[in-house]
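Visitor: Below you'll find the structure I mean.
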Amino acid sequence: MTREIEIRRFETPDDALDMKDRGGIDIVKMQDGTAGMRAVFEPGWTWETDEKPLLGAPDACPMRHTGYCLGGRLVVRMVDTGTETAITRGDFFEIPPGHDAYVAGDERVELILFEAPAAHG
């Protein structure tokens with residue numbers, strides 16, 4: 001087996017979630033199934049209004065997210081407890097399933113998210 005460096009760019013994603021004027025998520029996938037996502041959420045974005053309809057309208061986000069915040073302030077709420085946590089520039093984070101979120105303030109939120117290959121099986 002040959003070992004080669006694999007490079008992907010968010011400018012040419014494999015998939016994308018378009019949230020119109022409120023942002024979107026560009027998704028790149030590596031050959032082993034690892035995925036990287038660049039999420040951009042504009043001021044006024046909420047999971048309830050802008051992303052939930054694209055996922056089939058679950059009660060809360062069913063996904064676990066591991067990522068890094070490049071900018072802005074995203075407030076994530078655990079639906080079962082109501083606990084809110086702010087994620088801001090420089091935070092490396094892990095969010096369990098069962099949450100929703102919204103952009104707080106007037107600055108665009110930019111995140112890089114990582115997904116391990118096992119999640120694609």
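The values are calculated or read from the model by the stated rules, or taken from the named source; none is laboratory data. This is a predicted model, so every value here is computed, not measured. Reconstructed Cβ throughout: ideal geometry from the backbone, glycine too, with neighbour counts over all protein chains shown.
Visitor: Name, by its number, the condition in (1) under 24 Å from residue 29 (Cβ atoms); (2) in contact (Cβ under 8 Å) with a residue 12 or more places away in the chain; (3) out of contact with any Pro (no Cβ under 7 Å at 6 or more places or on another chain); (4) not in a strand (DSSP E or B) that does not hold for residue 53.
Guide: (2)
Visitor: Report yes if some residue within segment 5-26 is at pLDDT 95 or above, of a type in the set (Phe, Trp, Tyr) and assigned to a loop (DSSP other than H, G, I, E, B); otherwise report no.
Guide: Taking every residue of segment 5-26 in turn, at least one turns out to be at pLDDT 95 or above, of a type in the set (Phe, Trp, Tyr) and assigned to a loop (DSSP other than H, G, I, E, B).
Visitor: Count, please, the residues in segment 99-121 that happen to be over 14 Å from the mean Cα position of the chain (by Cα) and at pLDDT 95 or above.
Guide: Qualifying residue count, segment 99-121: 4.
Visitor: Let me ask another. Going by the conditions given, is residue 73 of a type in the set (Lys, Arg), under 12 Å from residue 103 (Cβ atoms) and surrounded by 14 or more Cβ atoms within 10 Å (Cβ to Cβ)?
Guide: Spelling it out, residue 73 is indeed of a type in the set (Lys, Arg), under 12 Å from residue 103 (Cβ atoms) and surrounded by 14 or more Cβ atoms within 10 Å (Cβ to Cβ).
Visitor: Do we find a residue being acidic (Asp, Glu), surrounded by fewer than 11 Cβ atoms within 10 Å (Cβ to Cβ) and not in a loop (DSSP other than H, G, I, E, B) anywhere in segment 37-49?
Guide: no
Visitor: Quickly run through segment 27-68 and pick out the residues that are among the basic types (Lys, Arg) and within 12 Å of residue 17 (Cα to Cα).
Guide: 38, 52
Visitor: Looking at 81, 85, which one is assigned to a loop (DSSP other than H, G, I, E, B), free of Cβ contacts under 8 Å to residues at least 24 places away in the same chain and hydroxyl-bearing (Ser, Thr, Tyr)?
Guide: Going through 81, 85 in turn, just one is assigned to a loop (DSSP other than H, G, I, E, B), free of Cβ contacts under 8 Å to residues at least 24 places away in the same chain and hydroxyl-bearing (Ser, Thr, Tyr): 81.
Visitor: Criterion first (of a type outside the set (A, V, I, L, M, F, W, C) and touching a Ser or Thr at 6+ places or on another chain (Cβ under 9 Å)) does residue 48 satisfy it?
Guide: Criteria not met by residue 48.
Visitor: Working only within segment 26-38, note down all residues that are free of Cβ contacts under 8 Å to residues at least 24 places away in the same chain and under 10 Å from the mean Cα position of the chain (by Cα).
Guide: Scanning segment 26-38 gives 26, 27.
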